């Protein structure tokens with residue numbers, strides 16, 4: 001393909017995962033001839049998730065990468081062209097949207113669906129990476145069920161950490177909550193819920209030195225950052241709840257975002273502030289962040305894009 005000549009498409013989908021692939025399925029079936037750019041993580045966060053047991057239609061559960069393969073194949077079956085590249089630059093200033101891939105290829109799109117997702121923030125420990133999906137997780141709602149009746153560790157001090165700690169406390173025998181400072185950032189009501197939950201133990205001024213285990217998590221070595229004292233906490237899982245970062249930086253010059261850089265969509269819609277640009281999945285959802293809700297907004301984005309293109313007489 002000649003990179004010097006812009007390619008014209010009806011519907012461009014930026015990003016894969018449940019939102020992007022679902023949007024592609026609906027767009028392809030509506031004869032919008034979608035082109036989907038996967039980004040650097042084809043399939044999104046689910047490709048680093050082992051067992052998925054809370055997505056409807058899989059009574060025995062499914063591996064995250066396998067489920068994303070099913071999504072991709074279904075999208076391709078209806079005519080979606082999947083390209084394993086990054087979109088690195090956009091220009092949404094005109095009626096037609098211009099984007100450039102990492103190889104410099106330019107696309108002019110009548111409609112753009114953004115499904116670039118969000119990435120979990122991690123502590124950056126080598127042991128954390130080694131034990132990913134072996135007891136280390138960034139989603140208590142997704143993975144807490146696997147550790148019913150066991151002791152677990154959660155790191156974080158904001159509302160998300162407080163909410164996930166209380167969620168885990170309903171499933172697990174004990175929750176060890178590591179807070180880096182001598183206070184929590186969570187709202188007062190969320191802090192009180194944590195303090196009122198008997199099987200949550202808070203470790204103030206505490207940081208993780210190492211997640212312990214070879215084939216599975218067996219605990220963590222932690223340090224009190226005031227006294228310097230180190231100790232071992234025995235646990236079967238290690239949950240990190242220090243926030244997510246939406247992958248939206250290339251849209252900053254054109255699209256409205258909140259303070260955390262999540263894309264803002266109109267109420268009951270996937271429409272952004274730019275006509276013809278729609279946002280779906282975790283790039284615009286900082287509340288639910290589940291595969292099934294991402295897929296739902298992907299469907300919505302494709303329907304919104306179809307109506308937009310039909311109203312313009314393009315399809």
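Anything in region 87-116 that is assigned to a loop (DSSP other than H, G, I, E, B) and surrounded by fewer than 18 Cβ atoms within 10 Å (Cβ to Cβ)? List them, or say none. Write out each step before concluding.
Our first condition is that a residue be assigned to a loop (DSSP other than H, G, I, E, B); within region 87-116, this holds for 92-96, 102-105, 115-116.
Hits for region 87-116 are 93, 94, 95, 96, 102, 103, 104.
Enumerate the strands (runs of 3 or more DSSP E) found wholly within region 219-280, keeping only those where 3 or more residues are surrounded by 13 or more Cβ atoms within 10 Å (Cβ to Cβ) and free of Cβ contacts under 8 Å to residues at least 24 places away in the same chain. Give the steps one after another, and end with the answer.
Working: elements: 219-224, 230-234, 237-240, 244-246, 277-279.
Hits in region 219-280: 219-224.
Do you know which of the residues in region 193-216 that are under 20 Å from residue 136 (Cβ atoms) and not in a strand (DSSP E or B) is nearest to the chain's Cα centre (by Cα)?
Per the stated criteria, the residue is 216.
Can you tell me which residues in region 59-80 are more than 22 Å from the chain's Cα centre (by Cα) and either surrounded by fewer than 15 Cβ atoms within 10 Å (Cβ to Cβ) or part of a loop (DSSP other than H, G, I, E, B) (or both)? Let's see the steps before the verdict.
Taking region 59-80 and keeping what is more than 22 Å from the chain's Cα centre (by Cα), we get 59-60, 76-80.
Answer for region 59-80, where residues must be more than 22 Å from the chain's Cα centre (by Cα) and either surrounded by fewer than 15 Cβ atoms within 10 Å (Cβ to Cβ) or part of a loop (DSSP other than H, G, I, E, B) (or both): 59, 60, 77, 78, 79, 80.
Mind listing just one residue for me: the one in region 4-30 that is over 18 Å from residue 281 (Cβ atoms) and in contact with a helix residue (DSSP H, G or I) (Cβ under 9 Å, 6 or more places away or on another chain) and, of those, surrounded by the fewest Cβ atoms within 10 Å (Cβ to Cβ)?
Filtering region 4-30 for residues over 18 Å from residue 281 (Cβ atoms) gives 4-10, 29-30.
Still in the list and also in contact with a helix residue (DSSP H, G or I) (Cβ under 9 Å, 6 or more places away or on another chain): 10, 29-30.
Numbers: 10: 19, 29: 16, 30: 20.
The qualifying residue surrounded by the fewest Cβ atoms within 10 Å (Cβ to Cβ) is 29.
Among the residues of region 169-197, which ones are closer than 19 Å to residue 244 by Cα and either buried (at least 21 other Cβ atoms within 10 Å of the Cβ) or in the same structural domain as residue 287 (by TED's automatic domain parsing) (or both)?
177, 178, 179, 184, 186
Could you list, in sequence order, all residues of region 24-45 that are over 18 Å from residue 85 (Cα atoms) and part of a helix (DSSP H, G or I)?
25, 26, 27, 28, 29
Conditions tested, residue by residue: (1) modelled with pLDDT under 95; (2) farther than 24 Å from residue 52 by Cα; (3) out of contact with any helix residue (DSSP H, G or I) (no Cβ under 6 Å at 6 or more places or on another chain).
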position	(1), (2), (3)
243	yes, no, yes
258	no, yes, yes
264	no, yes, yes
280	no, no, no
284	no, no, yes
300	no, no, yes
313	yes, yes, yes
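Mind listing whichever residues of region 41-83 are at pLDDT below 95 and under 14 Å from residue 13 (Cα atoms)?
Result: 42, 43, 44.
The values are calculated or read from the model by the stated rules, or taken from the named source; none is laboratory data. Remember, it's a predicted structure, so these values are computed and weren't measured experimentally. Please note: Cβ atoms are built from the backbone with ideal geometry, for glycine as well, and neighbour counts cover all protein chains shown.
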